[in-house]
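Visitor: What follows is a single structure, and I will ask about it in a moment.
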Ligand SMILES: Nc1nc2c(c(=O)[nH]1)N[C@H]1C(S)=C(S)[C@@H](COP(=O)(O)OP(=O)(O)OC[C@H]3O[C@@H](n4cnc5c(N)ncnc54)[C@H](O)[C@@H]3O)O[C@H]1N2
Ligand code: MOO
C-alpha cells in the first residue's frame, strides 16, 4: 500500500495552478495575483500636508505671517509661499510651491482673518509633510505575482488603479455524498438510516478554506445513478465523492467513476483513519486535469483525507502553494499516549497556544462527536509511538477550527 508521502507525491504530479482569468478588483479578495501589478500614480501624488495648520517656509523666522489662501484636501494651490506669508492647509491638502513645513494649528494664534502668529517659528524642513511618491511611485511594482489578495493588498491595489486584474481563479469543487442509508438533517432517521454529516462537513470545510463548493444531490448505491451524478460533478475542477470506496458489495464508487471517464491514479493509502482513499484524474485539453477524490464514508476518515490531500491540492490549483505538501508543525505532548503502529496515523487532537498537544479520548473513524474539540491532527508513526508528557511531536493544524481564545 502507498505511504502518505507517496500518495501526496502522486496527487502533486497532477495538481497544477489553474489558468489565470481577468476580474474586477472588488471580486478579487482571497485570490492570488497571476501577474505583478504596477502603480499608475505616485502616492502621495503631491507633497501632502499631514496636519491641519499653516504651510510655511521652514527657514523663515518671522513670528507673524500673512495668510494668502486656504487649501483643503481636493483643492489645487494657486500661489507660492514666500517668507512672511503662509497658507492655511488641511490634512491631506497639496502643499503650495515654496512651502517646506507645516505648523499645526494648535501652535498658532489668529490675529485677524489675514494674519496668524506662530508659536513655533523654527519647524525643521519637511515637518508634517509627506513628500510626493514616498509611499509608491508611478510604474513601481506594488504587488508581486503569487501574492494572495487580503484586505491590505486590496486597498493598495485600489490606490494603484488596478481596476481589473489577472488572478488565479478559485477552483470549483463539487461534493457528492453516497449511501442508501443517508437522510438529511431535516429528517428523523428510520430504521437502518443515519443523517448525512459528510455533506455539511465537507461543504463547510471548503468554505473555511475560502473555496466555493457546489453540492450535488446525495447518491444512492446504484451504479447508473452514481455515474450520472459523477458526470455532473465533473463540471467542476475538483470532485469530492464520499462513501462507497472500500470493499463492500455496494462500494460502487470506483466503478462509477471509471464509467464516468475518471482515470484511477491510486486506491488505498497506509493511513489511519482514511485507508480506502481513492484518487483519479480527468485530463483536459487546456489546463491541468480535473481531480477526483473518493473519500472514505466514515466522517472522520473523510475529514482526515480532506485535510491531508484535498486542501494541499486545492492550494496548488488556486496558486496558494507551489507543491502538494503537508504543513507539519512541531509541538509537545501534554500527557502520555501510546500508539501500537500499523498504518501512519493522523489522530484528532487539541493544540494550545504554547504548541502543547492534548490527545484526548476518541473512538475512531465514525466518532465525529468525539473530535468536536479537535483543532489539529497529530502524526503518529506507523512503527508505533510511546509518548510521555513533554515529548516532541508533529501535527497538521486544522485552519479555522477551534482556534482557542
Ligand atoms: N473488508 C473491508 N472493509 C472495510 C475496509 C477494508 O479495507 N476492507 N475499510 C474500512 C475502512 S478503513 C473504512 S474508513 C470504511 C470506508 O468505507 P467506504 O468508504 O466504503 O464508506 P461506506 O461503506 O459507504 O461507509 C462507511 C461508514 O460511513 C458512513 N457514512 C457514509 N457516508 C456518510 C455520510 N455522508 N454521512 C455520515 N456517515 C456516512 C456509513 O454509514 C458507514 O457507517 O470501510 C471499512 N470497511
Ligand atoms: O481507516 Mo478507516 O479510514 O478506519 O476509518
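Visitor: Quick check on residue 32: is it surrounded by 21 or more Cβ atoms within 10 Å (Cβ to Cβ), under 25 Å from residue 148 (Cβ atoms) and in the same structural domain as residue 155 (by TED's automatic domain parsing)?
Guide: So residue 32 fits the description; yes.
Visitor: Report whether or not residue 310 is in contact (Cβ under 8 Å) with a residue 60 or more places away in the chain, within 12 Å of ligand 2 (Cβ to nearest atom) and in the same structural domain as residue 263 (by TED's automatic domain parsing).
Guide: no
Visitor: Kindly list, by first and then second residue, each pair from a residue in segment 287-304 that is closer than 15 Å to residue 268 by Cβ and in contact (Cβ under 8 Å) with a residue 40 or more places away in the chain to a residue that is away from ligand 1 (no atom under 12 Å from the Cβ) and outside any strand (DSSP E or B), limited to pairs with Cβ atoms under 7 Å and residues at least 6 apart or on different chains.
Guide: 293/309; 293/310; 294/257; 295/306
Visitor: Being assigned to a helix (DSSP H, G or I) and loosely packed, with under 15 Cβ neighbours inside 10 Å narrows it down to one of 22, 61, 26, so name that one.
Guide: After applying the criteria, what remains is 26.
Visitor: Name the residues in segment 334-383 that are on the phi > 0 side of the Ramachandran plot and within 12 Å of ligand 2 (Cβ to nearest atom), would you?
Guide: Answer for segment 334-383, where residues must be on the phi > 0 side of the Ramachandran plot and within 12 Å of ligand 2 (Cβ to nearest atom): 342, 364.
Visitor: Let me ask you something else. With the structure loaded, tell me whether residue 394 is in contact with a strand residue (DSSP E or B) (Cβ under 6 Å, 6 or more places away or on another chain), modelled with pLDDT of 95 or more and part of a loop (DSSP other than H, G, I, E, B) or whether it fails that test.
Guide: No; evaluated as a whole, the condition is false for this residue.
Visitor: Check 232, 264 and return the single one that is more than 18 Å from residue 171 (Cβ to Cβ) and more than 13 Å from ligand 1 (Cβ to nearest atom).
Guide: So the residue among 232, 264 that is more than 18 Å from residue 171 (Cβ to Cβ) and more than 13 Å from ligand 1 (Cβ to nearest atom) is 264.
Visitor: While we're on this one: Looking at this structure, is residue 91 modelled with pLDDT of 95 or more, out of contact with any helix residue (DSSP H, G or I) (no Cβ under 7 Å at 6 or more places or on another chain), in the same structural domain as residue 54 (by TED's automatic domain parsing) and part of a strand (DSSP E or B)?
Guide: No.
Visitor: For segment 241-261, which positions are in a loop (DSSP other than H, G, I, E, B) and within 16 Å of ligand 2 (Cβ to nearest atom)?
Guide: Residues satisfying the conditions are 243, 244, 245, 246, 247, 248, 251.
Visitor: Is at least one residue of segment 219-240 within 12 Å of ligand 2 (Cβ to nearest atom) and either under 26 Å from residue 328 (Cβ atoms) or not in a strand (DSSP E or B) (or both)?
Guide: no
Visitor: Just to verify a result, which residue in segment 327-375, among those that are under 24 Å from residue 315 (Cα atoms) and within 16 Å of ligand 1 (Cβ to nearest atom), is surrounded by the most Cβ atoms within 10 Å (Cβ to Cβ)?
Guide: Filtering first and then ranking leaves 346.
Visitor: Still on this structure: Any idea which residue in segment 104-123 is farthest from residue 93 (Cα to Cα), counting only those that are exposed (fewer than 12 other Cβ atoms within 10 Å of the Cβ) and out of contact with any strand residue (DSSP E or B) (no Cβ under 7 Å at 6 or more places or on another chain)?
Guide: By that ranking, first place goes to 112.
The values are calculated or read from the model by the stated rules, or taken from the named source; none is laboratory data. All values derive from a computational prediction rather than experimental measurement. Note that we place each Cβ from the backbone using ideal geometry, even for glycine, and neighbour counts take in every protein chain shown.
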